1. Given (1) assigned to a helix (DSSP H, G or I); (2) touching a Gly at 6+ places or on another chain (Cβ under 7 Å), where does F99 come up short, assuming only one miss?
2. So which residues in segment 101-128 are polar (S, T, N, Q) and in contact (Cβ under 8 Å) with a residue 40 or more places away in the chain?
3. Here are A90, A83: which of them is at pLDDT below 95 and crowded, with 21+ Cβ neighbours inside 10 Å?
4. Within segment 76-90, can you find the residues that are in contact with a strand residue (DSSP E or B) (Cβ under 7 Å, 6 or more places away or on another chain) and on the phi < 0 side of the Ramachandran plot?
5. For residues that are of a type in the set (K, R) and in contact (Cβ under 8 Å) with a residue 40 or more places away in the chain, tally how many sit in segment 78-100.
6. Kindly indicate whether N19 is in contact with a strand residue (DSSP E or B) (Cβ under 6 Å, 6 or more places away or on another chain) and polar (S, T, N, Q).
Amino acid sequence: MPKLSEKKAIVEEITEQLNNANAVYIANYTNMSVEDMGELRSKFREGNVLFKVYKNTLIKRAMDTIGGYEELFPYLEEQNGFAFVEEELAAPAKVLKNFIKDHKKPQFKAALIDGDYYGEEQLDTLASMKSKNEVIGDIVGLLMAPISNVVGGLQAQGDNIAGAVKTIAEKGEE
């Protein structure tokens, strides 16, 4: 049984991880083998996700200290693992979905992402979310489209500026 000072140190560690994370996921790992847990931890590491197992009472104490995690309190029962992530908020969902597909465990319980609650039925939705880099790529693509149209219009008419202006005007009317 850990001493009070050890428990306080663990609560401080959890508090720091919660403060640094933009998302926390809860997964029930009951009846998972040590080998499967090792594989799951490895998959989380590959996705840049911190996955830890804590006593529910200690994580609840840290969450209560920070505030805003009340929706997760009902899920702090049984054997839980906690995934903390700063950047790629959908990464834990993708890891869990793929792992559950192959192993039928762990059970995704809930997540709190940027203050929004997601229940166990929303794992597929979370896993399908685009990463930050994918969203930035989409935005850049949208911003580049008008420039490509102008360049294409200029090239289509060669040296004839009047023809280029006419082509651009016609594209704008479409």
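1. (2)
2. Q107 - this is the single residue of segment 101-128 that is polar (S, T, N, Q) and in contact (Cβ under 8 Å) with a residue 40 or more places away in the chain.
3. Numbers: A83 fails: at pLDDT below 95.
Exactly one of A90, A83 is at pLDDT below 95 and crowded, with 21+ Cβ neighbours inside 10 Å, namely A90.
4. Correct list: Q79, N80, G81, F82, A83, F84, V85, L89.
5. Pass one, segment 78-100, residues of a type in the set (K, R): 94, 97.
Add one more test, that the residue is in contact (Cβ under 8 Å) with a residue 40 or more places away in the chain, and what stays is 94.
Here the count works out to 1.
6. So N19 does not fit the description; no.
Residue-by-condition table, conditions (1) over 24 Å from G115 (Cα atoms); (2) of a type outside the set (D, E); (3) in contact with a Leu (Cβ under 8 Å, 6 or more places away or on another chain):
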residue	(1), (2), (3)
T15	no, yes, no
L18	no, yes, no
L50	no, yes, no
R61	no, yes, no
E71	no, no, yes
P74	no, yes, no
K97	no, yes, yes
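Results for (1) under 17 Å from the mean Cα position of the chain (by Cα); (2) farther than 15 Å from A23 by Cβ; (3) outside the structural domain of E13 (by TED's automatic domain parsing), shown as yes or no for each residue.
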site	(1), (2), (3)
R41	yes, yes, no
F44	yes, no, no
R61	no, yes, no
L76	no, yes, no
A83	yes, no, no
K104	no, yes, no
F108	yes, no, no
D114	yes, no, no
D124	yes, yes, no
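The values are calculated or read from the model by the stated rules, or taken from the named source; none is laboratory data. On a predicted model such as this, the values are computed, not experimentally measured, just so you know. All Cβ positions, glycine included, derive from the backbone under ideal geometry; neighbour counts span all protein chains shown.
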